[in-house]
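Enquirer: One structure is given below, represented as structure tokens, and several questions about it will come after.
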Amino acid sequence: MKNILLLTLFSLAVMGTAHAEKADSEKEAVITAQRGLVDDVKQTRTLTGDVVLVKGTLTMKAGRALITEDPQGYQFITFWADPGKLATFRQKRDGAGDLWVEGEAERVEYNNKTEVVKLFSKAKLTRLEGTKPTDVANGAFISYDSRNEVFTMENSDSGTNAPGGGSVRMVIQPKTKAPAAEKAPATPAPGKK
């Protein structure tokens, strides 16, 4: 039953497609923190204390972060929340209107190459139109593919489905309906007045 529920929720998650802001992948990443350590040999950057990364419309915040870079220049970033807090991200989605996605968890991983965000432990993902939530997902693990606007949820922090490990939850808001067209006045039947 849980697998059917998860499959149904996953199918609903891919409806209403709108991709992450395409221009973000071509923007510079600006990172602020209270402290930083750069190791050019290992291609790592360690940041601590109120870490904030801004890359176009993508904003990520946490207590500390580790950034590694591959030979092609792609960045892989892990954010850890301070004790009792959650690491967060927010990004505008492409499409008509004011579309956003937000997430939070104890640990957030971002892969600049694939544009996938993984949320570990106490994970929550919210899709918004302006400030109004349209979908909210909770679970131990959520993976969000911003290029394809697809997210998956699992019931364990490892990112896998653990039998007896609990459940995931999704709330989908009803779609607002367009106002009904005004009805034309009824015309009398031929020959009747």
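The values are calculated or read from the model by the stated rules, or taken from the named source; none is laboratory data. Quick caveat, the model's predicted, so the values are computed rather than measured. The accessibility values were calculated without ligands, DNA or RNA, using every heavy atom of the protein model including side chains. Shrake-Rupley method; radii C 1.70, N 1.55, O 1.52, S 1.80 Å.
Enquirer: Please list GLU102, GLU26, GLU149, GLU129 in order of solvent-accessible area, largest first, computed with a 1.4 Å probe with all protein chains present.
Expert: In descending accessible area the options line up as GLU26, GLU129, GLU102, GLU149.
Enquirer: Ignoring ligands and nucleic acids, what accessible area does SER167 show with a 1.4 Å probe (Å², nearest 10)?
Expert: 80
Enquirer: Could you tell me the relative contact order of region 20-79? Use alpha-carbon pairs under 8 Å, at least six residues apart, and round to a whole percent.
Expert: Computed value for region 20-79: 28 percent relative contact order.
Enquirer: If the cut-off is a Cα-Cα distance under 12 Å, which aspartates and glutamates reach LYS61, setting aside same-chain residues fewer than 8 apart in sequence?
Expert: ASP50, ASP82, GLU102, GLU104, GLU106, GLU109
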